[in-house]
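As C-alpha cells, the structure follows; a few thoughts come after it.
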Amino acid sequence: MKAHIFFENEWLKIINDDVLKTEEIEDHSIDLIVTSPPYNVDIKYNSHNDKLSYRDYLEFSRKWLTRCYHWLKEDGRLCLNIPLDKNKGGQQSVGADLTTIAKGIGFKYHSTIIWNEGNISRRTAWGSWLSASAPYVIAPVEVIIVLYKRTVVSAKKLS
Ligand SMILES: C[S@@+](CC[C@H](N)C(=O)[O-])C[C@H]1O[C@@H](n2cnc3c(N)ncnc32)[C@H](O)[C@@H]1O
C-alpha cells in the first residue's frame, strides 16, 4: 500500500496526505466535502504552521479551496466549518473572507449553519470596559458555510 494511504477497502479510503499536494483524489469524484481546516490561531500541529500572516492564511485557504472545487462533482457540496471571526493576533472576519474567496473560485453560496458553542474560554472577556469608543463584541460561535458548485438538488427532487 502507498505510504499516504492509511486504510483502504471496497467502500472506504483514508488518505493521510497533504491537501495541497495529494494525487489520491480524482477530479469530479466527490459528492460532499465536510472540512474543519486550520483556523490560524497558533495551534501546535506537527507539520502545519498555524501562525501565518492573515494574508498568507487566506492564500493557503484559496489553494485548498480550489482543490476542493475540482474534486467535487458538479452537484457536489462543501460544508466549511470555521470560526465566524477571530481576535487572537488581530480581529479578522474569517467566515466572510473565506466565503468571498470560495465564491471567487466559482463556488455558489447556499446557506450558513451557526454552531452556537457558547464557549468564550479562548477569547478575551474584557469586552468594551474602559473603551466605549471601541466596542468589543465576543461571538462564541463557529459557522458551517454550505457552498455548492453548479446544480442545486432540492429536497423535493430527492424524495
Ligand atoms: C482545525 S484542525 C481540524 C481537526 C479535525 N476536525 C479533528 O477533529 O481532528 C485542522 C487540521 O488540518 C490539518 N492540516 C493542516 N494543513 C494541512 C494540509 N496541508 N494537508 C492536510 N491536512 C492539513 C491539521 O493537521 C489539523 O489536523
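Coordinate-derived values only; no laboratory data. Note that this is a predicted model, so its numbers are computed, not measured. Reconstructed Cβ throughout: ideal geometry from the backbone, glycine too, with neighbour counts over all protein chains shown.
Can you give me the long-range amide H partners of residue 143? Hydrogens built in the peptide plane at 1.01 Å from N, cutoff under 5 Å, separation of 5 or more residues or another chain.
The answer is 82, 84, 115.
Straight-line reach from residue 63: which lysines have a Cα under 22 Å away, not including same-chain ones fewer than 8 places off?
21, 44, 51, 73, 86, 103, 108, 149
Hand me the chymotrypsin sites (Phe, Trp or Tyr not before Pro) from segment 6-114 located in a DSSP loop with no more than 15 other Cβ atoms within 10 Å, in residue order please.
On the way: sites: 6, 7, 11, 39, 45, 54, 57, 60, 64, 69, 71, 107, 109; in loops: 11, 39, 45, 107.
When the chymotrypsin sites (Phe, Trp or Tyr not before Pro) of segment 6-114 are filtered for loop state and at most 15 Cβ neighbours within 10 Å, 11, 45 remain.
Using modelled backbone amide H atoms (1.01 Å from N, in-plane), which distant-in-sequence or interchain residues come within less than 5 Å of residue 77's amide H?
So residue 77 has HN proximity to 32, 33.
What nm distance separates the two modelled labels at residue 63 and residue 51, each placed 7 Å from Cα along Cα→Cβ?
2.0 nm
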